[in-house]
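**Q** Just dropping this structure here.
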Amino acid sequence: MFGRSRSWGAGGGPGRSSRSIHSLDHLKYMYHVLTKNTTVTENNRNLLVETIRSITEILIWGDQNDSSVFDFFLEKNMFVFFLNILRQKSGRYVCVQLLQTLNILFENISHETSLYYLLSNNHVNSIIVHKFDFSDEEIMAYYISFLKTLSLKLNNHTVHFFYNEHTNDFALYTEAIKFFNHPESMVRIAVRTITLNVYKVDNQPMLHYIRDKTAVPYFSNLVWFIGSHVIELDTCVQTDEEHRNRGKLSDLVAEHLDHLHYLNDILIINCEFLNDVLTDHLLNRLFLPLYVYSLVNEDQTERPRISPQVSLYLLSQVFLIIHYAPLVNSLAAVILNGDLSVIASKTEQDAKNAAKTTVRCFTKPPETLERSLEINKHKGKKRLQKRPNYKNVGEEEEDDKGAEDTQDDPDKAKGTEGGSKGIKTSGETEEIEMVIMERGKVAEMSATVVAEQNTTDEEKTAAASVNEPNLSRPFLDMVYNALECTEEDYYALFVLCLLFAMSNNKGINPIKLERIHLPVQVMKEKNSYNQALAERLIRILSQAAQADGKVRLATLELGCLLLKQLVCSSDGCIIKDVHLACLEGAREESVHLLRRFYKGDEIFLDMFEDEYRSMMSKPLNVEYLMMDASILLPPTGTPLTGIDFVKRLPCGDVERTRRAIRVFFMLRLLSMQLRDEPETQLPLTREEDLIKTDDVLDLNNSDLIACTVITKDGGQVQRFLAVDIYQMSLVEPDNKRLGWGVVKFAGLLQDMQVTGVEDDSRALNIIIHKPASSPHSKPFPILQARFIFSDHIRCIIAKQRLAKGRIQARRMKMQRISALLDLPVQPSTEVMGFGHGSSSSTQHLPFRFYDQSRRGMSDQTVQRSVFASVDKVPGFAVAQCINQHSPSPASSPSPPSSGSSSGSTGRCDSVTASTTSTPSVVQSPSVRSGRKGRRRVFSLSEADSHGGHWV
């Protein structure tokens, strides 16, 4: 038989084989092979595997092309052969291949009719419950992948093939959740996907089965599994003070985040009775007994505990991820208003019966999930053995009414989603009744503070004070006390993250936050704020501005964000004068701190602009911050740990300078925002004022140097080089307007490097780097080209203008930084004919000239006044020549020039241009050589007058 199969596959040539392999006749032949090889042996094992593969290919082809294929497959009941092969325990090779081919088959079936054929006769469920050897990783991987593929096919029609309502059996779901705590993370992820796909199916009998028979054991075991990971995470934090085990810690944090996202995915499906059970277990078996109770030390019982910093960190993640209102409102009510009565010690007997009572305790479930599922399954079978007769007719209806009567909730009505999900039917167990009662207790506890809603602002402020003797709020007291960061901000950062997460959680009722004046994200009007919290936040800002302050930049930025959110609303800022004065004092401290690190060099300027650019382009993202496991470890001051600069303390003079710059920026911006003043001095380089590519500029009477630009990739273009105060530009004439030019490239002079070429005196190598996005990133060149001029004189002029323009641009920016720090501004010497004697020059710098030119103003008087506002800018020599007969009163006096030409000609000789705008060029030997005619620097208007030819 094996030889016949090989001859059939090889005979007839490749064309004939490819045409006949996908056909009903070939499926019949495969069926004949299976009937002749019902017993798996070493000789026919490979043949059976290839046969199964061929059958799968034919079925996928038949789904798209020939419906008779599935008719034959169903008629001959060929799935039975697959089951027989599995039950023979023929080895892992056959099992792996069978699971793989079945997975491929169900993934590629698209027609519902074909899917119904495959799912009929309950053969798929028989494969699901087959006892595979799950110790084999490959079998486990293909099995769970097969279940996930089947779950993706679930809907209101196909669910009946998997869930048997008469026997209360749902193998696809129950077999999958048994692997919820599998050591392999990919298996756990697949299980979560399967459960979510099941919960999304709006089939009431199936969902009631899940609630009655599987929800309590599954969620209780899941909560215990999550809590065990949390305790392991806390142990890792407490034993890794030297940052040696960050890899394991990061994995544990990522696992906790995955759990929270999975829980949130279940809650947002909005299956109400499942959410009730899950909320009860999360609150009473995990969040309250393990997370919240660990914030205080008054509880002397031997409960499982975690460290306070880990508790704050995990609670922040909870409020950032989960937005289900009943859960987050109850949790926030305990943190903000709970007292020690909620953690009163229980008796030992209560602790033992924690799984069956409403005791808030983190305990291990009494039974494993697999054992609980077996018990519930047998209970269901016994209950279904009762035959309907005249004595028990209507019992189900009475049970339904009784179940509904016990679910009265004073906090919220049981609304239905889509008219069906909120309906309670028969089968309510003791566990579900416990859930309902516990939800009533949680709602009662949450309602104890609702009566305070009609209090006045003064009463709210008094209630918000942490020194209020009549109120016992140990958890809230711990939160406020942790904001005292006189020594370090280790706990303060977690508290700020928790307050931010609670104030931005969409599920929390804003009244709960407003009652104690916590920051609320959206408030139309606000008359008061939490003064105690504001004072603590301002103290954090003041501590950050101290030279020896150990407040990290992440803590500072989050404190600024919360303070702004606390005192600002859509109607304006309501901060009191005394608090604003304290904030101004902190800002002054930041100015004094930065003065200590101020250095009038290029490195300081680069750091100053880099920090501002980084702060504005990458604001603090609290969600990303709380994903970083490194902040759980004590703050470190060395960059060798690889921790981001804003999350650790500075190391060395350079990082201290950067920190001082960032503190100055944050406090300055916060102060101006609270005072509602616009920022006019930062950034030093405003993007909206820079010349950009494709801008059309009026370059009449501007000095331009013709050059050939050879790029790094070999491209060659002809351009005119123009030098501004802060930028250099490459332009070409505008073919529509005489004297106008189109910018083809523009770059900042301060980021430019100019070097000569050894073997060519007419060429320059010019590199302009893009400003780095971070201080550790490598600069990226936006221009790297060789500029070739017509002679070496023009090359020297261009090099001097670019080099001196770079120096002058940096000097001007350093003077602006000095003005920001209230330092005396030292007048710089004249560079490139650019002086600072005019008081109006500092008012119009840096970009007013191009603000006029780009608008295309035709009034020459206005343009000349703008020219005159800057003393002697490169390229304005011709303008000076034109204005000799009617000089502008605002212009500063220029050196006398005996060789200046008449302004009526519209052009200027190179000597005149050099004398007027670049006196340093006149001093060079090449200028004194007397070759005036060969060294002419043409303007763009002159190039146009020569017929548009490049000179």
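The values are calculated or read from the model by the stated rules, or taken from the named source; none is laboratory data. This one's a predicted model, so the numbers in the text were calculated from it and none came from an experiment. Every residue, glycine among them, receives a Cβ derived from its backbone with ideal geometry; neighbour counts consider all protein chains shown. Each accessible area value is taken on the protein alone, full model and side chains, heavy atoms only, with ligands, DNA and RNA left out. Shrake-Rupley method; radii C 1.70, N 1.55, O 1.52, S 1.80 Å.
Each row is one residue, and each column tells you yes or no for (1) among the polar types (S, T, N, Q); (2) open to solvent by less than 10 Å² (accessible area, probe 1.4 Å).
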{"site": "Val237", "(1), (2)": "no, yes"}
{"site": "Arg246", "(1), (2)": "no, no"}
{"site": "Asn264", "(1), (2)": "yes, no"}
{"site": "Ile268", "(1), (2)": "no, no"}
{"site": "Leu286", "(1), (2)": "no, yes"}
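**Q** Name the residue that is modelled with the highest pLDDT, counting only residues in the stretch 93-117 that are open to solvent by 40 Å² or more (accessible area, probe 1.4 Å) and of a type in the set (S, T, N, Q). Don't jump to the end; show me each part of the working.
**A** Restricting attention to the stretch 93-117, the residues satisfying the condition of being open to solvent by 40 Å² or more (accessible area, probe 1.4 Å) are 93, 100, 104, 107-108, 110-113, 116-117.
Imposing the further condition that a residue be of a type in the set (S, T, N, Q) reduces the set to 100, 108, 110, 113.
Working: Gln100: 88, Asn108: 85, Ser110: 81, Thr113: 83.
Among those that are open to solvent by 40 Å² or more (accessible area, probe 1.4 Å) and of a type in the set (S, T, N, Q), it is Gln100.
**Q** So the check is Cβ under 8 Å with 6+ separation or different chains; which pairs have a first residue in the stretch 594-620 that's in contact (Cβ under 8 Å) with a residue 12 or more places away in the chain and a second one that's open to solvent by 80 Å² or more (accessible area, probe 1.4 Å) and β-branched (Val, Ile, Thr)?
**A** Met607/Val654
**Q** Taking the options Ser151, Ser120, Ser126, name whichever one is within 41 Å of the chain's Cα centre (by Cα) and either closer than 23 Å to Thr174 by Cα or open to solvent by 40 Å² or more (accessible area, probe 1.4 Å) (or both).
**A** Answer to the selection: Ser151.
**Q** Hey, Ala819 hits all of (1) in a loop (DSSP other than H, G, I, E, B); (2) surrounded by fewer than 14 Cβ atoms within 10 Å (Cβ to Cβ); (3) touching a residue at least 40 places away in the same chain (Cβ under 8 Å) but one; which does it fall short on?
**A** Evaluating Ala819 over (1) in a loop (DSSP other than H, G, I, E, B); (2) surrounded by fewer than 14 Cβ atoms within 10 Å (Cβ to Cβ); (3) touching a residue at least 40 places away in the same chain (Cβ under 8 Å) leaves (1) as the failure.
Residue by residue, here is whether (1) surrounded by fewer than 17 Cβ atoms within 10 Å (Cβ to Cβ); (2) within 27 Å of Glu487 (Cβ to Cβ) holds:
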{"position": "Phe597", "(1), (2)": "no, yes"}
{"position": "Asp610", "(1), (2)": "no, no"}
{"position": "Ser617", "(1), (2)": "yes, no"}
{"position": "Val622", "(1), (2)": "no, yes"}
{"position": "Ile631", "(1), (2)": "no, yes"}
{"position": "Gly637", "(1), (2)": "yes, yes"}
{"position": "Leu640", "(1), (2)": "yes, yes"}
{"position": "Cys651", "(1), (2)": "yes, yes"}
{"position": "Arg658", "(1), (2)": "no, yes"}
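**Q** So, one more: Consider Ala534 carefully, then state whether it is assigned to a helix (DSSP H, G or I), in contact with a His (Cβ under 9 Å, 6 or more places away or on another chain) and either of a type outside the set (Lys, Arg) or closer than 27 Å to Gln815 by Cα (or both).
**A** yes
**Q** Shifting gears a bit: When you scan the stretch 205-235, how many residues do you find that are hydroxyl-bearing (Ser, Thr, Tyr), buried (at least 16 other Cβ atoms within 10 Å of the Cβ) and farther than 25 Å from Asn156 by Cα?
**A** Qualifying residue count for the region: 1.
**Q** So how many residues does the stretch 249-260 have that are in contact with a helix residue (DSSP H, G or I) (Cβ under 6 Å, 6 or more places away or on another chain) and open to solvent by 30 Å² or more (accessible area, probe 1.4 Å)?
**A** Adding up the residues that qualify gives 1.
**Q** Can you name the condition, by its number, that Leu632 falls short on among (1) in contact (Cβ under 8 Å) with a residue 24 or more places away in the chain; (2) under 23 Å from Ser542 (Cα atoms)?
**A** Of everything listed in (1) in contact (Cβ under 8 Å) with a residue 24 or more places away in the chain; (2) under 23 Å from Ser542 (Cα atoms), Leu632 misses just condition (2).
**Q** Would you mind telling me which numbered condition in (1) at pLDDT 90 or above; (2) open to solvent by less than 20 Å² (accessible area, probe 1.4 Å); (3) in contact with a Lys or Arg (Cβ under 9 Å, 6 or more places away or on another chain); (4) within 29 Å of Met607 (Cβ to Cβ) Tyr726 fails?
**A** (1)
**Q** Now, a different point. Conditions first: (1) out of contact with any His (no Cβ under 8 Å at 6 or more places or on another chain); (2) touching a residue at least 12 places away in the same chain (Cβ under 8 Å). Glu42 passes all but one, so which condition is the exception?
**A** (2)
**Q** If you check Asp689 against the conditions, is it open to solvent by less than 40 Å² (accessible area, probe 1.4 Å), of a type outside the set (Val, Ile, Thr) and modelled with pLDDT under 90?
**A** It is true that Asp689 is open to solvent by less than 40 Å² (accessible area, probe 1.4 Å), of a type outside the set (Val, Ile, Thr) and modelled with pLDDT under 90.
**Q** Same structure again: Take the residues of the stretch 493-531 that are touching a Leu at 6+ places or on another chain (Cβ under 9 Å), modelled with pLDDT under 90 and outside any loop (DSSP other than H, G, I, E, B): which is nearest to Met626 (Cα to Cα)?
**A** Step by step, filter the stretch 493-531, then rank; the result is Ser503.
**Q** Within the stretch 735-743, can one find any residue that is open to solvent by less than 30 Å² (accessible area, probe 1.4 Å), in contact with a Lys or Arg (Cβ under 6 Å, 6 or more places away or on another chain), aliphatic (A, V, I, L, M) and at pLDDT 90 or above? Step through it out loud before you land on a result.
**A** Looking only at the stretch 735-743, we keep the residues that are open to solvent by less than 30 Å² (accessible area, probe 1.4 Å), and these are 739-743.
Filter once more, so that each one left must be in contact with a Lys or Arg (Cβ under 6 Å, 6 or more places away or on another chain): none.
For the stretch 735-743, residues open to solvent by less than 30 Å² (accessible area, probe 1.4 Å), in contact with a Lys or Arg (Cβ under 6 Å, 6 or more places away or on another chain), aliphatic (A, V, I, L, M) and at pLDDT 90 or above: absent.
**Q** Right, something else. Within the stretch 766-783, does at least one residue satisfy the condition of being among the polar types (S, T, N, Q) and touching a Ser or Thr at 6+ places or on another chain (Cβ under 9 Å)?
**A** Yes, the stretch 766-783 has at least one match.
**Q** Condition check: open to solvent by less than 60 Å² (accessible area, probe 1.4 Å), at pLDDT below 85 and closer than 28 Å to Met186 by Cα. Does Ser90 satisfy that?
**A** Yes.
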